[in-house]
Amino acid sequence: MALLITLGATAAFLVVLIFAVKARTEFFKNLDRRWIFLLMLVAVAVPVYVIGKTKETFPEKALPKAQAVFDVIEELSEGDKVLLAFDFDPGSEGELGPMATTFVYHCATKKLKMYFIALWPIGRQMIDDNIAKIIEPDFPQMVYGEDYMNLGFKAGNEGVINVIVTDIKQLYTTDAYGTDIAAIPMMEGIDSIQKMDLIINVSAGYPGTKEWVQYAVTPFPHDIRMVAGCTGVQAPLLYPYMPQQLPGLLAAIKGASEYESLVINKYGGDDISGKYLEAQRRMGPQLVAHVLMVLLIIAGNVIFFTERKREARS
Amino acid sequence: MKRNVPLLLAIIAGFVMIVAFFIPYTVSWGEDVSIWFDILASIAFILGGGNLLKVHLKKVSDQAKGWGYSIITIISFLAMLIIGLGKLGVNPNPQFPGHGHWAGQYNEIGSPFYWLFESVFKPLQATIFAMLAFYVASAAFRAFRAKNMEAILLLATAFFILLGRTAAGVFLTDFIPEESGYSGLRLENITVFIMDVFNTAGHRAIMIGVALGTASVSLKILLGVDRSYLGSGEG
Amino acid sequence: MSRETTIWLIVFLIGAVMLFGRAMFTEHGMARMYVEESPREFVDLGDEDKSDWVSMDEVPEDVEVSAIPADRRVSWTSQKTSNYGEFVQQPAGGNIQFSLARSIGVWLAALFTLFVLSFLIKDNPLYKVAESVFVGISAAYWMVVAFWDQIVPNLIGKLSPTFVRNWAMPGLGEDARQELIYLIPLVLGMMLLWRLSPKGGWISRWPMAFFIGTFCGLRLIRFLQADFLTQIRNSIDPLYVTEGGVFDVWASLANIILLIGVLSCLVYFFFSFEHKGIVGRIAKLGIWFLMITFGAGFGYTVMGRIALLAIRLEFLFDDWLWLIDPTDKRLGI
């Protein structure tokens, strides 16, 4: 119903807009850009508020790439080892935060062993935040060092990947909290990340998914498998790696929302906490703002062509 | 000495990385060089901080335009640095309680470092990136004109992606049954086709071009043909 | 005072009054943060030579704790983030309490968010303050993380494991040996920092050259392998695709278009030929493919940016103003 109203209003608005723009080309051409800013603010703020109040979200349909990410993780069985590389920061948390949350929830539900790592300095804080937000309150039976561990941040970008694909203990002598790596039970027998059953990368740029594909997956195609979630800016650039080097990819908030719906529909139950529905909530403002963008482009073009016609006539 | 040693260093380091890829015996050499590279990368963070301090101190001492803001930068930099490096307000590590706060976590919840991250760093960084939403809207209104075939293709694709990757896409073409032979025409499936085929083709060609470019630049540096990174002066 | 300034002043005053009203005169207020505090207490049951720290609740019954001197006892309070909902629902005597510092933090975060957004109206001192703070804080943040997460364990810890173990990393393994080879990155690192000095610029060229050489060596191989050779291999797909013995039109078409697209774009990138005649037409087709590619990139970029704005507004409405409660932190008030 909400969708019908949104789209109906959009269509009506579009007609009015075209007529208005044609009639008052000069006014719209010289429109202060702050009005556009205000429109964008309203287009995002209203749905954030309405969805925050009603907690209703739009139905989600998973497309193949997100489905592939879900399927790859589903194939793993209890006790399998997963390296979760959190290469993002608050600057991209709007898109990637929900992915990270769902990845951790999915892995924890499936009782996979989680090894967190970060190539971004602030990635380490993102790991700590997710442990505090998901594992500690909702999976209290999980024991640090046996079921999950945090390797923390190391500087060096691809230089770090290049080391840990063949030898992890030379670089990581302790975990992020200063515990000897040899004293951590779940590190037993792990000499390199080739021992991982899957790498899950949440990536906001450089270093990120591209570097993991180049330095980990491509040189060791039989030993290292990876799926990833990335920002909208990166996503189109990573498509050439699929499906051979990268079986699945969550592209921007839409990918996050599809994957979230798959995981929550299967494991979430009816009284799932709102913190696991973040991406689906965010698709509300996305819809309205995308429609606004389309309308702005149309309005801009109506002005352009009306002007051009007028110039040609004169 | 000033130019030949660094040239030699670059060549040796580079070729160690290449050899380590092909000869299993030399893998550990590659690891060692990579680890030194990683350590240097972390020292580069200190260099970055030092540079920032230097630039802003100079601005203050010169009383250049906006030097007041430089004072704010210096104060926030030093505050965060002292709190973080000194682990101020951090609790001891429960595994080693006798070690005092030095063994604790610098970003522990409740510590001043964490507080500064949550209340200052996080909102500032996230909002600065969020501002781009407004500028992209303004640019869409002012700059995207369907002037020719190329622009039409760009705009049409953008429309498909913008609508097809929201609930609108599913709703607008919901009349086409999923199981029918025409399901490929559903808006969301059109976006899948665009991304998997057209976008992949374009980016794959770009990727191949960039790879060749990167390889040739790297080779030029490693063979000593391109020495621009050594600078021109003797200073 | 100009008309515009007056209008903004009025808007700010109305906003401030409303915020004050909401914070002070509503039943629940706003922007209140709660933390769960847990007391931790440890005693050292070891002797002069070797300490043996035990948590207070694990001390054997026969040990007289009060007899242990104060310098062999440690206690502190650790914090966990909680919320209003948990605070209201906790049993009497619970550990969840209001945190003034964290609440001030939420206000500060909200104000900084608004300061940055104020740039949309026009450049102003508040934005400049926010920007200056951000520059300082972020540079220091990266430095601190690099120091504690890498320089201490991977450089100082390798050169002097005993010192690091006694100082900041008691968990460092007993078998960690001194590795003098790490003097090389130490010296290179010191030379790198020489850049900060006004004289002897050539000194930092050594580490820079090492850095660039390693980087080139790494990239040369990996780009050729992952982005060149593998991409060519990825492009070699059957153009006649069958699914269960039946010809699959869509899959075949997709593979054909993909191949044509890659080749035509490459022709466009190839500048050794003049783009005329048949080459020109193929290059033109390549441009069309690239335009579709950029259109998709634009669509995705917009998608990303909006999500970033949405999370900021969610923060303002949820954590600061308490207008919405999507994650049930406040029992839906």
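Is it true that residue A:209 is under 16 Å from the mean Cα position of the chain (by Cα), within 9 Å of chain C (Cβ to nearest Cβ) and within 22 Å of residue A:66 (Cα to Cα)? For residue A:209, the condition - under 16 Å from the mean Cα position of the chain (by Cα), within 9 Å of chain C (Cβ to nearest Cβ) and within 22 Å of residue A:66 (Cα to Cα) - is not met. Under the condition of being more than 7 Å from chain B (Cβ to nearest Cβ), closer than 16 Å to residue B:128 by Cα and crowded, with 21+ Cβ neighbours inside 10 Å, the residues counted in the range C:111-155 number 1. Looking across the range A:48-79 at every residue that is assigned to a helix (DSSP H, G or I) and polar (S, T, N, Q), the one that is farthest from residue A:283 (Cα to Cα) is identified as A:67.
When each of B:150, B:108 is tested for being in contact with a helix residue (DSSP H, G or I) (Cβ under 8 Å, 6 or more places away or on another chain), surrounded by fewer than 23 Cβ atoms within 10 Å (Cβ to Cβ) and not assigned by TED's automatic domain parsing to the domain that holds residue B:193, the lone residue that passes is B:108. When each of A:190, A:161 is tested for being in the same structural domain as residue A:94 (by TED's automatic domain parsing) and farther than 26 Å from residue B:129 by Cβ, the lone residue that passes is A:190. Screening the range A:249-286 for residues that are among the basic types (Lys, Arg), over 17 Å from residue A:233 (Cα atoms) and within 16 Å of the chain's Cα centre (by Cα) and picking the one that is surrounded by the most Cβ atoms within 10 Å (Cβ to Cβ) gives A:282. Take the conditions at pLDDT 95 or above and assigned to a helix (DSSP H, G or I) and apply them to residue C:229. Does it pass? It is true that residue C:229 is at pLDDT 95 or above and assigned to a helix (DSSP H, G or I). Taking the listed residues A:258, A:211, A:278, the one that is under 22 Å from residue B:194 (Cα atoms) and charged (D, E, K, R) is A:258, with no other qualifying.
The set of residues in the range A:25-47 that are surrounded by 13 or more Cβ atoms within 10 Å (Cβ to Cβ), more than 22 Å from residue A:284 (Cβ to Cβ) and either free of Cβ contacts under 8 Å to residues at least 40 places away in the same chain or of a type outside the set (Lys, Arg) (or both) comprises A:25, A:28, A:31, A:33, A:34.
Quick one: which of C:52, C:47 is more than 35 Å from the chain's Cα centre (by Cα) and under 17 Å from residue B:94 (Cα atoms)?
None of the other options fit; the residue is C:52.
Evaluation of residue B:67 against the conditions (1) more than 18 Å from residue C:187 (Cβ to Cβ); (2) in contact with a Ser or Thr (Cβ under 7 Å, 6 or more places away or on another chain) shows that the sole unmet condition is (2). Cβ separations smaller than 6 Å between residues 6+ apart or across chains give the following pairs from the range C:227-240 residues that are more than 11 Å from chain B (Cβ to nearest Cβ) to residues that are assigned to a helix (DSSP H, G or I) and among the hydrophobic types (A, V, I, L, M, F, W, C): C:239/C:256. On inspection, residue A:155 fails the criterion of being closer than 15 Å to residue A:200 by Cβ and buried (at least 24 other Cβ atoms within 10 Å of the Cβ). All of C:317, C:273, C:298 fail the test of being facing chain B (nearest Cβ under 9 Å) and touching a helix residue (DSSP H, G or I) at 6+ places or on another chain (Cβ under 9 Å), apart from C:298. Of the listed requirements (1) modelled with pLDDT of 95 or more; (2) under 30 Å from residue A:226 (Cα atoms); (3) of a type in the set (Gly, Ala, Ser), residue A:62 misses just one: (1).
The residues of the range A:111-162 that are on the phi < 0 side of the Ramachandran plot, assigned to a loop (DSSP other than H, G, I, E, B) and touching a Pro at 6+ places or on another chain (Cβ under 8 Å), listed by number, are A:119, A:120, A:122, A:146, A:155.
Return the residue satisfying two criteria in turn: it lies in the range A:80-121 and is over 26 Å from residue A:283 (Cα atoms) and of a type in the set (Val, Ile, Thr), and of such residues it is surrounded by the most Cβ atoms within 10 Å (Cβ to Cβ). In this case the residue turns out to be A:117.
Scanning the range B:33-85 for residues that are crowded, with 16+ Cβ neighbours inside 10 Å, charged (D, E, K, R) and within 7 Å of another protein chain (Cβ to nearest Cβ) returns a single hit, B:38.
Looking at the range C:174-194 only, could you name the residues that are outside any helix (DSSP H, G or I) and of a type outside the set (D, E, K, R)? Hits for the range C:174-194 are C:176, C:178. Among A:247, A:236, which is the only one that is at pLDDT 95 or above and assigned to a helix (DSSP H, G or I)? Only one candidate qualifies: A:236.
Residue count for the range B:61-89 under the criterion of being modelled with pLDDT of 95 or more, outside any helix (DSSP H, G or I) and either over 25 Å from residue C:168 (Cα atoms) or touching a His at 6+ places or on another chain (Cβ under 6 Å) (or both): the result is 1.
If I filter the range A:135-148 for residues that are small (Gly, Ala, Ser), within 13 Å of chain B (Cβ to nearest Cβ) and closer than 25 Å to residue A:205 by Cα, do I get at least one hit? Explain how you work it out, then say what you get.
First, pick out the residues of the range A:135-148 that are small (Gly, Ala, Ser): A:145.
Then drop every residue that is not within 13 Å of chain B (Cβ to nearest Cβ), which leaves A:145.
Remaining after also requiring closer than 25 Å to residue A:205 by Cα: none.
No, there is no match, as no residue in the range A:135-148 is small (Gly, Ala, Ser), within 13 Å of chain B (Cβ to nearest Cβ) and closer than 25 Å to residue A:205 by Cα.
Within the range A:138-163, the set of residues being among the aliphatic types (A, V, I, L, M) and under 27 Å from residue A:109 (Cα atoms) comprises A:142, A:143, A:149, A:151.
Per the listing C:205, C:233, the residue uniquely among the basic types (Lys, Arg) and more than 33 Å from the chain's Cα centre (by Cα) is C:233.
Just one of the numbered conditions (1) facing another protein chain (nearest Cβ under 10 Å); (2) of a type outside the set (Asp, Glu); (3) buried (at least 18 other Cβ atoms within 10 Å of the Cβ) is not true of residue A:59: (3). Of the residues making up the range C:159-173, none is under 30 Å from residue C:11 (Cα atoms) and either assigned to a loop (DSSP other than H, G, I, E, B) or not hydrophobic (A, V, I, L, M, F, W, C) (or both). Of the residues A:145, A:79, the single one that is in the same structural domain as residue A:226 (by TED's automatic domain parsing), of a type outside the set (Lys, Arg) and over 25 Å from residue B:105 (Cα atoms) is A:79.
For the range A:1-20, the count of residues that are surrounded by fewer than 16 Cβ atoms within 10 Å (Cβ to Cβ), at pLDDT below 95, within 11 Å of chain C (Cβ to nearest Cβ) and outside any helix (DSSP H, G or I) is zero. When residue C:59 is tested against (1) farther than 29 Å from residue A:134 by Cα; (2) touching a residue at least 12 places away in the same chain (Cβ under 8 Å); (3) within 12 Å of chain B (Cβ to nearest Cβ), only condition (3) is not met.
The values are calculated or read from the model by the stated rules, or taken from the named source; none is laboratory data. Because the structure is a prediction, the values reported are computed rather than measured. Backbone-built Cβ (ideal geometry, glycine too); neighbour counts: all protein chains shown.
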